[in-house]
Amino acid sequence: MKKFASFLVIIFSLTVYSQNTLSLYEKYPVFKECADQPVDSLENCFNYTLKQFVFDNFKTPQIVSEENYQGKAEVLIEVNKKGEFKVLYVDAFYTEIKDEIRRVFKMLPKINPATYNSEPTYMQFSLPFKIPLEEPNKEISIIKETPLNPSNEYDDIIKFPYTNEEYKSNLNIPLSTQNYSRFDAALNKVGTNSHTAQRPFLYNEVNKYYDFDAENKILAKSKTSWFGRKWWNEHMVAFKGEDFWFTLDPGVDLQIGKDIDPDVNTYNNTRLLYVQGGIGKKLSFFTVFYESQGRFADYFNRYAESIKPDGGNPAIIPGRGIAKEFKTDAYDYPVATGYISYTPSKYFNFQLGHGKNFIGDGYRSLFLSDNASPYPYFKIKTNIWKLQYTNLWMSLKDVRTEVLNENRSYKNKYIASHYLSYNVTKRLNIGFFESVIWESAGDGLDLAYLNPIIFFQAIQFSTGSRSGNALIGFSAKYKFSDRINAYGQFIIDEFSSSDVFGGEGSWKNKTGYQIGMKYYDAFGLKNLYLQAEYNRVRPYTYSHNTIVLNYGHNNQSIAHPYGASFSEFLVIGHYNIKRIFGDAKFIVAKRGFDFNTEEDTAFYGADIYRSEEDRAFETGNKVAQGNTTNFFFAELQGGYLINPSTNLKVYGSVIFRSFKPLVNTETVFENTTTWLNLGIRTDLFNWTNDF
């Protein structure tokens, strides 16, 4: 290998990411060759010595000569408080150049560090390497801070290497069960002070326990071409300035499949664009827009059409939003979500956005889930000591004809929720949840419910029992070991102690509970994650005698997708080997439906969008009463993670669903589904299909 003859004069453009600029440093780092130099010459001497060292020791990779390459490389280095050089980031066209740059910088000797206030400190340098350039000139002028010349303002804007800032930011980790399974074990180790019930998590919350950067480096493919890097490893566009950064990525959710039994060809065609970034260290933002058309399995289509809104649109796609007709047998459903996240200190995070939230450690939640369509929300998350306190205000819609406003617009209602999580010991966590739903009566928000520290039951009583629908809940989690933990929830809707504990099956006994267990590295197999869960909710829970005050949004439950009056047992497994993943889900449930016939129009307690005034029984109510239905759902999925930075995956899945009611009616009848699917998707949300 011959020396890179006209390689490398390093132009030092900017230094430091610490809170101090160059002018605030008392003394530059000092090579031994510069020890006898006056202080005002140390910068010039440092520049020249470093450049000459690199020039003398760099050995040009053969591929550069063979391909007559001309271009540039860039390296971000740090001189720490001990005077040691550390390479933080290297960007170059060829991997061989990157490796050689790292080799050379490892050879650098230990030097005297920079000082500030007479104390050692660190400095960081961004060094662009232009290829080719002349040998370093010893008479280079000293770099000084000078006022910005307005005529050069555009050219003076500095670009830094993007170093996965999102992983250290206060952005949400997109809600995806498969993605969350990769780091769930790290959050649940005995002794951690993590709070795992309020989702989505922030990257900087999880990054303390699970190093996203390190994990992605393990998955990274050695690609040097622009297309190879962007397809396999990186964001499509990533830009970092002096105190801001952003990424921009196109994405897809393309599916093609078949529902075998009714012989329905299925597909989904989603194109999306998402942007995320940060301004300073405290403010982050995220937005994504989906443009979608699709046709799904027969049971999915029938349910989507059964919850259609007023106004002529044919369906609401579960978990996504209102759909219009596309061609003659499909749906067009655009969706947009986004938020601004502000963290003024380590204690508080504020979010204003349009999206989804989830409260609970389980696959399901009886408090708040991501089952329904996105909605506007404002959230305050407070972390102090062993406590995490979450305040969440949401604006929801009732889109049925019977509750439309006088101007035919959809009915607004609001929810205020509090969730307090307390790590009692290094193994035990307990939580308290309360929530109240109230409708807009023409005067907008009720300011009484905006207080972030209050008991909603007292406010509801003061404003009238029919003015709101209050729920309270309790949760717990116990870590038996780093590999096994158990969790649970208990929900009470409109608490009445005599009815809850009376033992007569009162319709006012509106309660539900969840118990579950997680097993990490199951049976000693690394990265095998198993979860078992049982959910049971009594009839009439989440409903109300003022039906707009039910626990729903866009004709969907915002807790469990079955609504109420059901028992459910599910088992879930996740397994991954680097980029390869496999998932399995099995659900057995007993559900209660209304008959909705001329002979029987009573409300048996499952459909949260019916009025309690139509209830079938005063007492003697049982779970899954009415048109009792045996339900079975199984899903197997396997795939490959194409790009860890964008969560782009290719996968195949098969769903088997069996639905057997006691009596076949027009809307509830026996049917079986076998749904095969192949797809490629940017995994930013959970599909709702196991209902």
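Couple of notes before you dig in:
- Centre-to-centre separation between the Cα atoms of region 82-106 and those of region 562-608: 54 Å.
- Cα-based radius of gyration of region 22-141 once divided by 2.2 N^0.38 Å, which approximates compact folds: 1.12
- Across region 235-245, rounded Karplus estimates of 3J(HN,Hα) from the backbone phi angles (6.51 cos²θ - 1.76 cosθ + 1.60, θ = phi - 60°) give 5, 4, 10, 9, 9, 10, x, 5, 9, 7, 7 Hz, Gly and Pro being marked x.
- Cβ-based exposure ranking for ILE77, ILE491, in which fewest neighbours within 10 Å come first: ILE77, ILE491
- Among GLY592, PHE631, PHE474 the positive-end extreme of the charge dipole of the chain (Cβ point charges): PHE474
- Residues GLU599, GLU215 in ascending order of nearby Cβ atoms (within 10 Å, fewest first): GLU599, GLU215.
- Integer Hz, Karplus 6.51/-1.76/1.60 couplings in order for region 397-410, x for Gly and Pro: 10, 10, 10, 7, 4, 5, 10, 5, 6, 4, 8, 6, 8, 5
- Filter on LYS356/LYS622; LYS86/LYS240; LYS426/LYS526; LYS590/LYS649 - keep pairs with C-alpha separation over 29 Å: LYS356/LYS622; LYS590/LYS649
- Percent of C-alpha pairs per 20 Å bin, region 177-682, short to long: 21, 59, 20, 1
- Per-residue [θ]222 nm for the chain (sum of -39500 (n - 2.57) over DSSP H runs n ≥ 4, rounded to 500): -3000 deg cm²/dmol
- The Cβ shell under 10 Å around PRO334 holds other residues with a net charge of 0, Lys and Arg each +1, Asp and Glu each -1.
- Share of pairwise Cα separations in region 567-649, more than 19 Å, in percent: 58
- Note on LYS221 and LEU662: the model spin-label points, each 7 Å out from Cα along the C-beta direction, lie 5.6 nm apart.
- Within straight-line cross-link reach of LYS510, aspartates and glutamates at Cα separation under 16 Å, skipping those fewer than 8 residues along the same chain: GLU434, ASP493, GLU494, ASP499, ASP607, GLU612, GLU613, ASP614, GLU618
- Sequence-distant residues sharing a close amide H with PHE566 (under 5 Å, placed H): VAL537, ALA624
- Under 15 Å, Cβ to Cβ, from LYS223 - net charge with Lys/Arg +1 and Asp/Glu -1: +2
- Straight-distance crosslink candidates among aspartates and glutamates, where the alpha carbon sits under 13 Å from LYS168 and sequence neighbours closer than 8 are dropped: GLU205, ASP211, ASP213
- Calculated FRET efficiency for the pair PHE326/ILE515, C-beta based, R₀ 45 Å, to 0.05: 0.60
- 3J(HN,Hα) from dihedral phi, region 563-579, Karplus parametrisation 6.51/-1.76/1.60, rounded to Hz, x for glycine, proline: x, 9, 6, 7, 10, 8, 10, 9, 10, 10, x, 10, 9, 9, 10, 6, 8
- Extension reserve of the ARG102-SER395 stretch, reckoned as 0.36 nm per residue once the Cα distance is removed: 100.2 nm
- Local electrostatic count at LEU272 - Lys and Arg +1, Asp and Glu -1, tallied over other residues with Cβ under 9 Å: -2
- Look at the dipole of region 51-118 built from charges on Cβ: of GLY71, PHE55, ILE97, the Cα furthest out on the positive end belongs to PHE55.
- Pairwise FRET efficiency - ASN57 versus LYS526, Cβ, R0 = 35 Å, nearest 0.05: 0.30
- Residue order for TYR331, TYR478, fewest other beta carbons within 10 angstrom first, comes to TYR478, TYR331.
- For region 189-254, the residue among VAL252, ALA197, LEU219 whose Cα projects farthest onto the positive side of the dipole built from Cβ charges is LEU219.
The numbers here are math on the coordinates, done by the rules we state, and not lab data. All values reported here derive from a predicted model rather than from experimental measurement. Heads up, the Cβs are rebuilt from the backbone with ideal geometry, glycines too, and the neighbour counts pull from every protein chain shown.
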